[in-house]
Amino acid sequence: MAKLPVKKEDSTEAAKVVVLFTKPWTRYSPDDVAGFDAETAEKLIDIKVAEPYEAAAEQAEGKQE
């Protein structure tokens, strides 16, 4: 009997949303940066413990001298 193909979970393929914590939440402190799935990131932003994080262009590209 042939086995069915293994389907990857959508969550493993989804991109992480990076947030900056503004208040303590579980093990995170203010100014911590972390990545979460879109649903979790949205909830953290909605309850005002985090905000979307956008790295400066220099940080994202790495400093090149």
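The values are calculated or read from the model by the stated rules, or taken from the named source; none is laboratory data. Worth saying up front: this structure is predicted, and the values here are computed from it rather than measured. Every residue, glycine among them, receives a Cβ derived from its backbone with ideal geometry; neighbour counts consider all protein chains shown.
Assorted remarks:
- Yes/no for E65 being among the acidic types (D, E), over 16 Å from the mean Cα position of the chain (by Cα) and either loosely packed, with under 12 Cβ neighbours inside 10 Å or modelled with pLDDT of 95 or more (or both): yes
So that you can scan it fast, the table gives a plain yes or no per residue for (1) modelled with pLDDT of 95 or more; (2) among the small types (G, A, S); (3) not in a loop (DSSP other than H, G, I, E, B):
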site: L4; (1), (2), (3): no, no, no
site: S11; (1), (2), (3): no, yes, yes
site: P30; (1), (2), (3): yes, no, no
site: A34; (1), (2), (3): yes, yes, yes
site: I45; (1), (2), (3): yes, no, yes
site: E51; (1), (2), (3): yes, no, yes
